[in-house]
Each structure stands twice: as C-alpha cells, then as structure tokens.
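Report on the following structure.
The values are calculated or read from the model by the stated rules, or taken from the named source; none is laboratory data. Just so we're clear, the structure is a prediction, and the values are computed from it rather than from any experiment. Cβ atoms come from the backbone with ideal geometry, glycine included; neighbour counts cover every protein chain shown. Just the protein is used for accessible areas: all its heavy atoms, side chains included, with ligands, DNA and RNA removed. Shrake-Rupley method; radii C 1.70, N 1.55, O 1.52, S 1.80 Å.
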Amino acid sequence: MLAYISRRLAAGLVLALLVTLITFLMLSLSFQDVVRTILGQSATPESVDAMTKQLGYDRPVLVQYGDWLLHLFRGDLGSSVYTSLPVASSVLQRLGVTLSIIVPALIITVLLSTFLGVWAASRGGIADRVAQGLSLVGYIVPGLLLAIALVYVLAVRAKLLPATGYTPLAENPGAWLRSIAIPVVVLVIGGVANMAAQVRGRMIDELRRDYVRTLRTRGISTTSIVVRHALRNAASPALTVLSLEFIQMFGSALIIENVFALPGYGSYAFNASLQGDIPVIMGITIFGVLLVTVVNLGTDLANGWLNPKARVH
Amino acid sequence: MTGPLLDITDLRVAFRPRGFRARPLEVLHGVSLQVGAGETLGLVGESGSGKTTIGRTVLGLVRASGGSVRFEGREIGGLGARQRRALAKDIQVVFQDPYSSLNPSMTIGDILTEPLVVQGATAREARTRVRTLLDQVGLPSDAADRLPREFSGGQRQRIAIARAIAPEPKLIVCDEPVSALDLSTQARVLDLFIDIQRRTGAAYLFISHDLAVVRHISHRVAVLYRGELVETGPAATVTSTPEHPYTRRLLLAAPVADPIEQRKRREARRQLTPHPTT
Amino acid sequence: MSTWRKLLRDPQAAVTGSILILIFAAGLSTPLLAQHGPNESDLSMVNAPAGTPGYLLGADESGRDILSRLLHSINTSAVSALIGTGVALAVGVSAGLVGGYFGARTRAIAEWAFNLVMTFPGLLLLILLMPVTGGDYRYTMLIFGVLLSPGIYRIVRNLVLGVKNELYVDAARVSGLGNARILGRHVLSVVRGPIIIAAAFMMGASIATQSGLAFLGVGSKEIPSFGDMISSGFRNLYVAPTQFLWPSLLLGLITASLVLLGNALRDTLAGSRPQPAKVGQGQRAEVTPQPPAAADPEALLEIRDLTIAYPGPGGQPREVVRGATLAIHRGQTVGLVGESGSGKTQTAFAVLGVLPDEAVVTRGSIVFEGRELIGLSDSEMRPLRGKQIAYVPQEPMSNLDPSYTVGAQLVEGVRSALGISKSEAKTRVLALLERCGIADPERTFDSYPHQLSGGMAQRVLIAGAVASRPKLLIADEPTTALDVTVQAEILDLLRDLQAELNMAVLLVTHNFGVVADICERIAVMERGQIVESGDVLEVLRGPRHEYTRMLLDSILDHTAPIREASR
C-alpha cells in the first residue's frame, strides 16, 4: 500500500516537472514582452536589455529552468518581480482562500447530488422530474450569469449578504460564512447539475442489475438494497467524476473570485499573468499540479476501498 | 496424393495477461490436428479448453506462439496483413453470437456484398450473387434490403452462413454456431450446414461444447481438455465409446431426455468420478 | 436519413436548432444590420437609452452601439465555438480511433498524454498562458480545444474498443477488409452519433469559457464579446441595468439552446435511455384479487390463468404470458420447459413478485399456501421471500454483488430471513457452504465474487437460497451458463438438497435432459401458454401436444452418428 502511494506521488512529481517545464518553455517565448510590460511602454531598448540581464532572461532557457528547479528543491520559489514578496507564502495564502470556497462547495455538492440522484433513480415520477429539471437549470445557466444574478438579488437588492470581499475564518467565522455563501452556492449549482445526473444514471443502471433482483428475493429491505448495495456500486464510477469535478470547480472559482473580488488563487494568477510575473506564474503552476496529484491519489485510494476489483495490493 | 487441407502441428498459444510484470499464460500446449478437404472435424471442449483459440488462430485473429498452421501445405501462421487478406477467399467463419456478428447499422445486402466487393466483384455481380446466397440459406430475396434487427436468431445465423459461403471458401471455421439458438432452430441450422457442405464441398472446423451437436455434423471428432487434445477419432467412436476418461465423463454428464435412461447415465457417471469439486 | 426526420419532428431539437440558426444568421448578416462599428464610440451617446435613433438598443458607457456590439459578439462566440470544438474533435477523434483500434502500446501513450492534459485546471492554464497567447481569443480557444480533447478521446476510444471486440469486426477482417476500411465502414458509423452529441455540448462550453475569460479581461479589448459586454454592463449595473441584460440574455439563450439541443440529439441518436425504477413498490397488478376458488388442497403453489403484459411498440399491451395455469405440491419438483420468449422466466418472476417495472399482471391469480400473492406490496412480499420462497438465478456472476464478500452477502440474507445474530449467521453460512460442496468454506466466505469460478458462484447462490429452508425453490435455468460437467454436479446438489429439505422446486429450463434428470412433473410452455403438463416419464415418452412432440424430435440423437468418416 505504502509502495503504491509513494509510486503515485513520484509519478505526480514527474508530472509536475513536465508541466512546469512546458509552461516555462511556452512562457520563455514572451520574455521580451514581459520585460516591456514591467518597464512600461516608454522604456528605452537599453533599459530593456539591462532588465533582461538583471532577471536572467538572457541565459539559455533550459539553464533558467534548471536554476528554478534547483531553488525549488531548496524550498525556494523565488519572489515576485513586482512586490518582492516570497512566492511560496503568497501562493499558500491565496490557495487557502480558494480552497475555503471549493471544499465546502464540493462537500455540499456530493451530499446534495447523492441525495438527488438516488431519490430520482429509485423513486421515478415526480422525484425524477424535479431532479432532472434542477440539473438542467444548472447546466443551462452559465456560472458567470448565475453569480451576477445572485449578487444582484441577494446582496444589492435584499442586502442579505455582502456583495464582495473576504473575511478569513480565523478572524470572524460568521463574517467568513457570509462572505463565501454566494460563491459557494454558485459552485454548488454548477456542480450538482453535473453530478446529480451522473449519480442518477449510475443508480438506474445499478438498480437494473441481476444481483438487485436476487437480493430482493432474499427478503432484504429496500433501504439496504438501495443504499448498501446499489449506491455503493454506483459510487465507484461517480468518484472519478468527483475528481474531475474538483478540477472543474477550481477553474470556475477563478471567474467567481473575480466577480466577488475574493483575494484567491484565481485573481492572483490573473494579476501575475497580466503583469508577466514569471516566478509567481511558475509557483502557481507547481502548486496547481501538486494539488491535482493529491486529489487524484485520494480518489484512487477511495475507489480501491469501494471497489474490490480495483483494489491495490 | 495431396495432404490435408488444414494441418495444425504442435500449436501453442500464449496470452500476455494485463499487468506490468505478468507472465504469459499458455492456453494451448501443443495441439496437432488435421482437416481434410470436404471433411468436418468436430472440436469439443468445455470453457477454458482453448477450442475457440484454435479457431481464431486458423482465422489469423490470434497469433501462435509456437508450432505451425498449414493450409494446403502452405504455412499461414505468421502471414502479413496483405497475404492474410488474400486468404479470405479460402477460409471463412461463422461465429456463435448471431447478434454481435452482424453490424446492426448495415443492411443484409451490404453485409453480404462486402466480402464479394473486397474480392473484386462488381456491384452488379455482387447483387446477383446475394440473391443466390439468400436462396441457398433459405431466406427470401427481399431480405437484402432489411436490417439485422428484423431477423430472429436462427435467421441471423443463416445470414452469417451466407456471408461465409459467399467467396466459395474451402474451409469454414464454425465457432459454436448453434449454441445460442433454440432447440428447434438448432436442428434446422445444423441441417443447413450439412446441406451446404454437400453442395459446395467446403470443409468445416466445427467447434462446440456440445457432444450431441458435434456428433450430428462431424466425420471426425477431436476432444480438447485444458489446452491439450485428449482424444481424436471417427465421430461414431469418440461420441459413443470414447477411450479417454475425460471424454467419457463429458459424454455421461450431458443429460438425456428420458428419466429412466438418464438415471442409468447418472449412476454410470458417479461410478466414473468420485464426486470431484468444482 | 430517418434519423434527421426524427430530429426535425422532435420539438426540442427543432426549436433550439431554429433559435441557434436565427442567432448565427443574424451574426452573419452583421454588415447589413449594424449601423456603427463595434468599437466606434460617440461621447455624446454615452449610456444612451434604448430606442435612440441609430442606437436601437442604446449605447454603452463609452458611447458604443450595443446592437452592433451584440451582433459582433455573436460572431466572436461562433468563431470560439468552431475553433474550440474543431480542435477538440480533430485531436480527440483521431487519437481515439488510433488509440482504441491499434495495440495496447499506442493506447498507453495516448492515454498518458491525455491524462496529463486532463489533470490540469484548464482555465488556470489559459490565464497563465496569457503572455504567450498575447490575448488573442483565437489562440486561447485553440488551447481550449486541446484541453477539451481528452473527453472526446475517451468517448471515441471506449466506443472503438467496444466495437473492436464485436464479432462483426472479426468477421470483416476474416472477409479480407483492411484496417482503413474497417475503421471507415464499421467503426466510424458507431462513433458518429456520440461525437455529434458531444460537439453540441463542447460548443456551449467553448462559448461560456470564452465569455468568462473576456469577462475577466483576458484578451484584447478590441474584440467585442459577450463577456466584455457583461463586464461593462456589470460596472454600469446601477446606471443602466439593460446594458447588462442584453448580452446576458443572448449568451444564456445560446448556451441553453446548445445544451438542450445536445440533450435532444442524445435522445434521438442514442435511443431511449433506461428510466428510473420504482424500488420497493411491488409488481404492478391490474386484477381484482378474488378468493381462491376450489383450490387444490394439496397444492403449495397454484398459478391460475396468469397473464402478464408489457407495453408494446404502438401502445398496445403485448402479452408475454397468456393464461398460464400450473400447480406444485409440497416437496414436488416441477420442470417448466420452453424456448426463448415462451414466458417461462416471466412466470417465475411473477411468483417471486420481482417482475420488471414495465410489466403488468393483467389477469389471474398466484396462490401460495392459501394466500393470494398478486397485488401484494413489496413489504408484504418480503416476509415470504427468502424464508418461504427462494430463488436461484441463471447467471451466477452477475447475481452476486461485486462489492461485498460472499460471506457478507449470505449473512445479510440469512439475518434478514431468520433474524439471528451475526455470529450465529456466520456459523450457519459456513455450514451451508460446506453442505453445498465448497471445499474451503472459510476461504470462500472471505472471497469476493470475481475471485470465484462460475460453478463455485452457483453453489454460493444455491447456499444463499436454501439458507432458511424455504418451502419452494424457484430455479431459473440454474445450469445453463455452466459447463456440462459442472452442470451435472450442480444438478446432483439440487437433487440432494431437495430431498433433504423436502422443498418443492420449480425448475425453469430449456433442456429436456435437465428435466428428465431431476423433475417429477413437467409443464411445457409455448408463447405464454402452458400447452402440456404431466408426469415426466409419461410426457417425455408419449407427448400428446404437437409442440412438445416437435421439441422432442428436435433433440439431436444421442446414439447413432448420422455421418460416416469421409474418404
């Protein structure tokens, strides 16, 4: 088991190296523009050259990447070209904000999707139509529009919740909850639309399987058949969707953060990218890959626990 | 003097199981058999015996890991794709499952003309030939315009037979062609096989798990057990007075439709094997 | 071509399709409709209200014509959709065909590459690569297409792998078709439908993403797009709310239409999908239960005039069992014989109360120990199931829950039937497994179903069925999926258990040999009706009904081979 986990983590590390290398190579195409962005439109060619030299962009690309890697192994991600703040701590702080939206959203999405999906698949009729209608609405309305509409209704008109801004959890839990409420709702609606449909489909398939009929002929209760047997078998494929859902939410969060002016990963990435802050971009990239690796590993382990055929030894 | 049409000697097949360091799994451990021109060789075995693998190796769908497969004296084991395609004229197949062996989105006419056009027939020739083929297998000629789903299992198997005999092959590999069919249909399709052999002179390698079916159609019978041939001989001998204990067990295990006769068989079987566990 | 006609007749597809055509046609005729350039700003027109001459929908915060910007935005989103979807299809379909059809090594490489793409949050990458794309939305969409391609790759690869194992592809290869021809003729025709469906959804995703990025400000300000317009309207929300409304409405309409069109395409091209089951409702009956009339006093189970119907293609009920009548006495073994489609399995399911949701019992009665079973709810049936009436299925593997050990499944059944403690149940199950001929009961108890052979799995299922000493065992083709030597052993086991527990057995089969081996009585079923029943020896030796005779004549002779060794 331990060997499996370390093997997967090693694979994740290789992936991180590869992705950062590709990102670095692609970014290196635009180093000239970056320098010009830093210095502004009025920069003289001389000052551009000097700056290029100062940042080390005149060296061969692979040497620069190797240099970055060396620092990385020493736990040093460098510092922002603009603010001189260390990248690692800024990234972690920003990641914390984004995760504090995504994690609650993901948990609520899973619970709600499971409930809706199971309810629709095992009851049919009105339950099914309600669940299908809900997930259709979530699919049809782009998250962006939904976010703006909710801000308008809940914050601007009804003044129930703050329209923008973020309060850290440690500072004031109540205010924190109010500041993440709308973003979480937006993510949940989008997530449930996708996941509830998946759970419903898997459950319908499972409930039609032969073993369900055989269990019924043994006099086993309906609840046990639906929850212990069918849902458990449906959960394994749904887990794969969950890890994709996480990645998807991570993407959506980038846009949502902007609407709500949350100081998260997305806005950080956006600003860094706009300014051409290469060390920050690289730091964001590597943390993104590592996060995804951990999430995927977690899903695979959970999958092995659920599905004896996929169990690793 | 010519040799046998199909001559398999010491055939070995191994599959690589999934997984990184898994060792190859040998499913055929040196099988030798011959099929003469116009002859039916029945190949009997239970699941896992490797009978289907032999058929698929002859068809070029599975690669042998050892031994030789000769057709009309020529080695066909390791042929390249182009040479293999040329053999399509001589070696054909009828599969077990009449549902998945016909493409559901193609009309019967298209299914039957496909092998003919590949062999170089013009569309017009192919159409005429399709009408003859449908007639030969006892289907109406308007069947050509319809889709497989409009036909029953037995009728589909007739279509598969028509496709197999289209290029007038010398050998047809029949892989459990009647196992999925109902009792009454089974008998009629078997009779069609015999009738076609009389008319075209094609040889059959007839693979089945059912001794009764094999007895009905074969001249000679070979019995396969866990990748090895345990007995080969004339159909009459192998299917009624077999020598090998496994064949005897196989024969006695199949129940007959008469309670008194069946009780006798049951007792004979119990004396033969001391109640092995599965 | 009938598919297209079906699509046109589907209101959802027709309406959403027409909306999309109208919108994109308007986008194409922008030069005719727009009176101003999209970036042409007139400071005198800042926030001009709708209806201002020359500015039909008003002007925005910079005095630009909203109508003209909307029309140009349609074109921007159309180009985004085409690039994103086009790239995803080109990359995904070709890789999927190659990866699915050719060897495992090619597939492993493709798989690895696509997993790499898939594991990265796409939107983040698009933002991070802004310095590279230089803000041109077309390059962004190009990358987005690559990010979408793993989804297509998976769809195509799975379909191709499925088709590749179909016998008709083998048959085509045996017929001498080359790889290119097989891919074109047999494989592409199968993947076409799902690709069209996926394309509709991907277009929606491309447009939504492009708008989202433009809303953030990724990309050139010179390119009019919904996202940019929404962003500007958002800033202006208090001053002129309608500026926000128009682009939002149009964007919502386009993505909603694409999604709904995709759904309609799926329903038409992929056929009807399975519908939810009403679990725990009991099987449907449309008969008024009558008091059992002149019941056979010795009968344990009495089926009278049973009729089961399914909804047919034209809405007409299609009867699969038509007035079947059958009685089983205590401790008696009855074989129910028929060909496929004769209704024998449906009859067995009706007794257990586990007919599929679509089926309706339209006539007749099933009386078990004097009690009418038809019309009982699932919870009323439950005390009978397992305890009084038990079931052994045909296919051993699919009838065990793959996620639980054999022991856990059997213990759950025994406990729900007998209400005993967990440890008692375990002892009982272990003894049962041993009684059912399993060599190492402890090991099998802890095994998962996929670790068992077919014969072992069937022994496990029999153990589960007889665990609580039922009065009636219904065995549906219990040996059909097994090898003939294993079949003989399983029949021996059933015979011994029957005698030991003095159960009545209803054995459903197509095999007269099995009936002769184990049954006292036989009932022959033809197209939903029982045409002949009686003592096994009498019926098999002297069948009275023509159909029974025909079936018996079809049995291949077991003694004389009809062909002689050739030459």
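Could you do me a favour and compute the accessible area per residue for region C:392-511, 1.4 Å probe, result in Å²?
Each residue of region C:392-511 exposes 34 Å² on average to a 1.4 Å probe.
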**Message:** Once ligands and nucleic acids are excluded and a 1.4 Å probe is used, how much of A:Leu297 is accessible, expressed in Å² to the nearest 10?
**Reply:** 20
**Request:** Could you tell me which GluC sites (Glu not before Pro) in region B:64-143 are loop residues by DSSP with no more than 16 other beta carbons within 10 angstrom of their beta carbon?
**Result:** B:Glu72
**Request:** Could you list the trypsin sites (Lys or Arg not before Pro) in region C:484-563 that lie in coil according to DSSP, counting only those with at most 13 other Cβ atoms within 10 Å of their Cβ?
**Result:** C:Arg544
**Message:** Suppose we compare each residue of region A:249-267 in its chain alone and in the full protein complex with a 1.4 Å probe; which ones drop by at least 20 Å² of accessible area?
**Reply:** A:Phe250, A:Gly251, A:Leu254, A:Ile255, A:Asn258, A:Val259
**Fill in**
Along region B:118-128, Karplus-curve 3J(HN,Hα) (6.51, -1.76, 1.60; θ = phi - 60°) to the nearest Hz, with x for Gly and Pro, reads 4, 7, x, 6, 7, 4, 5, 4, 4, 4, 4
**Asked** Can you give the average number of partner chain beta-carbon atoms within 10 Å of each beta-carbon in peptide C:479-489, as a whole number?
**Response** 6
**Item:** Residue-averaged [θ]222 nm for chain B, counting only DSSP H segments that reach four residues, each worth -39500 (n - 2.57)
**Value:** -11500 deg cm²/dmol
**Asked** What part of the accessible area of region A:93-267, given as a whole %, is carbon or sulfur when the probe is 1.4 angstrom?
**Response** 65
**Message:** Can you give me the accessible area per residue for region B:97-168, using a 1.4 Å probe, in Å²?
**Reply:** 43
**Prompt:** Residue by residue, what Karplus-based ³J(HN,Hα) values in Hz, rounded to whole numbers, does region C:68-78 have, using 6.51, -1.76 and 1.60 with θ = phi - 60° and x for Gly and Pro?
**Reply:** 4, 5, 4, 4, 5, 5, 4, 5, 4, 5, 5
**Solvent accessible area, Å² - B:Ser152, 1.4 Å probe, full protein context** = 60
**Prompt:** Leaving out ligands, DNA and RNA, what percent of the accessible area of region C:342-430 is carbon and sulfur, probe 1.4 Å?
**Reply:** 51
**Proximal lysines to B:Lys89, defined as alpha-carbon separation beneath 26 angstrom and excluding residues fewer than eight positions away on the same chain** = B:Lys51, B:Lys170, C:Lys164
**Message:** Show me the ranking of peptides C:206-216, C:369-379, C:481-491 by mean Cβ neighbours inside 10 Å, starting with the highest.
**Reply:** C:206-216, C:481-491, C:369-379
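Can you work out the FRET efficiency for the pair B:Leu272 and B:Arg149, with r the C-beta to C-beta distance and R0 = 56 Å, to the nearest 0.05?
On the way: r = 46 Å, r/R0 = 0.81.
In this case the efficiency is close to 0.80.
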**Asked** Given H placed 1.01 Å from N in the peptide plane, which residues other than close sequence neighbours of B:Gly38 have an amide H under 5 Å from its amide H?
**Response** B:Ala203
**Message:** Taking beta carbons within 10 Å but only from partner chains, what does the mean come to for residues A:270-278?
**Reply:** 4
**Asked** Which whole number gives the average count of other chain Cβ atoms within 10 Å of the Cβ atoms across peptide B:36-49?
**Response** 2
**Item:** Largest to smallest accessible area among C:Phe201, B:Phe15 [probe 1.4 Å]
**Value:** B:Phe15, C:Phe201
**Request:** Determine how large the accessible area of C:His186 is when every protein chain is in place; take a 1.4 Å probe and give Å² rounded to the nearest 10.
**Result:** 10
**Message:** Sort C:Arg284, C:Arg69 by heavy-atom solvent-accessible area, probe 1.4 angstrom, most to least.
**Reply:** C:Arg284, C:Arg69
**³J(HN,Hα), Karplus 6.51/-1.76/1.60, whole Hz, each residue of region A:254-266, x for Gly, Pro** = 4, 6, 4, 4, 5, 4, 9, 6, 8, x, x, 4, x
